[in-house]
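Engineer: Just passing along the structure, written as structure tokens.
The values are calculated or read from the model by the stated rules, or taken from the named source; none is laboratory data. Because the structure is predicted, anything quoted here is derived from the model rather than measured. Counting neighbours? That spans all protein chains shown, and the Cβs are built from the backbone with ideal geometry, glycine included. Calculation scope for accessible area: heavy atoms of the full protein, side chains included, ligands and nucleic acids excluded. Shrake-Rupley method; radii C 1.70, N 1.55, O 1.52, S 1.80 Å.
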Amino acid sequence: MNATPQPTSTFEPIPQLDLAAQFAAISGEIRAAIESVVASQQFVLGREGAALEEEIARFCEVSHGVGLASGTDALILALRSCGVRPGDEVLLPPFTFVATGSAVSALGAKPVFADIRPGTYNIDPSQLERRVTSRTRAVIVVHLYGLPADMDPILEFARAHRLPVIEDNAQAIGARYKGRRTGSLGDAACISFYPTKNLGAYGDAGMLVTNSAELAARVKTLRNHGQISKYVSSEPGWNSRLDEIQAAILRVKLRHLPDWQRARQSHAAEYTAKLNGIPGLMPPVPGEGFEHVFHQYTIRVERRDALQNYLAERKIGSAVYYPVPLHLQPLYASLGHKPGDFHHAERAAQEVLSLPMFPELRTEQIVRVADAVLEFVKS
Ligand SMILES: Cc1ncc(COP(=O)(O)O)c(C=O)c1O
């Protein structure tokens, strides 16, 4: 083994995510938006929320948006509106944030996992057929890290079994599959505006988007205690309303999203130009027809934990999304899964590492990160 270069302590830290840099660029617009809501004294289900619903629906190329308190709620209410009940089964990938599974569990339904493709980290459509049963009621696909799942074979499978498809679009707002926006491909989609997302609020917020007027109307009822008119409820519902301050902030940020998305894509291209074709290292290389929005720039290496330490010693931030696949979570111990059940998800959980990625990242920072990764891999 060659001598590994030693870290230099004079380096400026490079965080994995820097929200302060974004705020510095737009703080005037944000403060004005918040001030205007405060002056209006209308805080819940008002003008800003309604405008955001229209703007996000337009951005996602669908007819309806329903503002909600979180992305998790969007998944729960989408499943509920598609008729998922206690005891039903829902197909989903095991390699995702736990919310994808816990939304299913929140309704008393059972998550049934189908493994991922190792090159994309998204659900492998060829795994669905063997997992479907007479109790299956829906499919959730996750566009992980900002890369669309391979929707055509998934939609074909779902059509054949008359199952609704819900897109977990928490990480991929703005992405495209064969020219069409994620969020417009299934029966309904969830969007998360968690602060770290590509379009992040200053607290929790989410939205359901759909082309179905009926489904949108149902979710509007469910988000507000099942009320069909004032103080008249037709079924048990939730309080999952989007607040006006978050909506106003998101409307400001939505205007910048296309530029931020281009910046992320350009940073990803710079990383990939340096990291592609190196033995032992797999950068994200989307296939033809898959437009990635790089919520995360996630590479794969066998000695992942050692690489993460190596970067940390050089003051370079990185993150592991996600170290424990859902089928091995204590939450799902009762499902009886064991290591080896979903080989590709388990290997990904051991090998993925997300490098610094945010729109304000600078070329010299990308070069420093990529050089450190290369030094490690070649050592
Ligand atoms: C893939 C995925 N699904 C669902 C969620 C849940 O969204 P939220 O945190 O807004 O409830 C998140 C984000 O946290 C996510 O990354």
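Engineer: Would you please list the contacts, defined by Cβ atoms under 8 Å and residues six or more apart or on different chains, that run from a residue in the stretch 78-92 that is open to solvent by 30 Å² or more (accessible area, probe 1.4 Å) to a residue that is β-branched (V, I, T)?
Structural biologist: C82/I166
Engineer: Hey, R223 hits all of (1) farther than 20 Å from A103 by Cα; (2) at pLDDT 95 or above but one; which does it fall short on?
Structural biologist: Among (1) farther than 20 Å from A103 by Cα; (2) at pLDDT 95 or above, R223 violates only (1).
Engineer: OK, next. List, please: which pairs have Cβ atoms under 7 Å, are six or more places apart or on different chains, and start with a residue in the stretch 277-288 that is under 19 Å from S266 (Cα atoms) and end with one that is open to solvent by 60 Å² or more (accessible area, probe 1.4 Å)?
Structural biologist: P283/N276; V285/N276
Engineer: Additional query: Looking at the stretch 215-256, which of its residues are farther than 24 Å from I56 by Cα and out of contact with any helix residue (DSSP H, G or I) (no Cβ under 8 Å at 6 or more places or on another chain)?
Structural biologist: Within the stretch 215-256, S229, K230, Y231, V232, S233, P236 qualify.
Engineer: How many residues are touching a strand residue (DSSP E or B) at 6+ places or on another chain (Cβ under 9 Å) and assigned to a loop (DSSP other than H, G, I, E, B) if we restrict to the stretch 179-197?
Structural biologist: Number of matching residues: 10.
Engineer: Show the residue pairs that are 6+ apart or on different chains and have beta-carbon atoms under 9 Å apart, the first residue being within the stretch 307-325 and acidic (D, E), the second being part of a loop (DSSP other than H, G, I, E, B) and open to solvent by 60 Å² or more (accessible area, probe 1.4 Å).
Structural biologist: Here the result reads E313/Q6, each pair linking the stretch 307-325 to a residue that is part of a loop (DSSP other than H, G, I, E, B) and open to solvent by 60 Å² or more (accessible area, probe 1.4 Å).
Engineer: State all residues of the stretch 101-114 that are of a type outside the set (A, V, I, L, M) and in contact with a Ser or Thr (Cβ under 9 Å, 6 or more places away or on another chain); if no residue qualifies, say none.
Structural biologist: Step one: of the stretch 101-114, the residues of a type outside the set (A, V, I, L, M) are 101-102, 105, 108, 110-111, 113.
If the condition is that a residue be of a type outside the set (A, V, I, L, M) and in contact with a Ser or Thr (Cβ under 9 Å, 6 or more places away or on another chain), then S102, P111 are the ones that fit.
Engineer: Also: Any chance you could count how many residues in the stretch 186-221 are open to solvent by less than 70 Å² (accessible area, probe 1.4 Å) and within 16 Å of the ligand (Cβ to nearest atom)?
Structural biologist: Residues that pass the stated criteria total 21.
Engineer: Would you please name the residue that is surrounded by the most Cβ atoms within 10 Å (Cβ to Cβ), looking only at residues in the stretch 145-185 that are within 16 Å of the ligand (Cβ to nearest atom) and more than 22 Å from P284 (Cβ to Cβ)?
Structural biologist: I166
Engineer: Which residue is least open to solvent (accessible area, probe 1.4 Å), if the candidates are limited to the stretch 126-144 and must be assigned to a helix (DSSP H, G or I) and either within 16 Å of the ligand (Cβ to nearest atom) or not polar (S, T, N, Q) (or both)?
Structural biologist: Here the answer is L144.
Engineer: Among the residues in the stretch 53-66, are any modelled with pLDDT of 95 or more, more than 18 Å from A217 (Cβ to Cβ), open to solvent by 70 Å² or more (accessible area, probe 1.4 Å) and not in a loop (DSSP other than H, G, I, E, B)?
Structural biologist: Among the residues of the stretch 53-66, at least one is modelled with pLDDT of 95 or more, more than 18 Å from A217 (Cβ to Cβ), open to solvent by 70 Å² or more (accessible area, probe 1.4 Å) and not in a loop (DSSP other than H, G, I, E, B), which makes the answer yes.
Engineer: Follow-up. Could you tell me which numbered condition P94 fails, if it satisfies all but one of (1) within 11 Å of the ligand (Cβ to nearest atom); (2) touching a His at 6+ places or on another chain (Cβ under 9 Å)?
Structural biologist: All conditions are met except number (1).
Engineer: Are any residues in the stretch 100-118 in contact (Cβ under 8 Å) with a residue 40 or more places away in the chain, among the small types (G, A, S) and open to solvent by 10 Å² or more (accessible area, probe 1.4 Å), and if so, which ones?
Structural biologist: S102, S105
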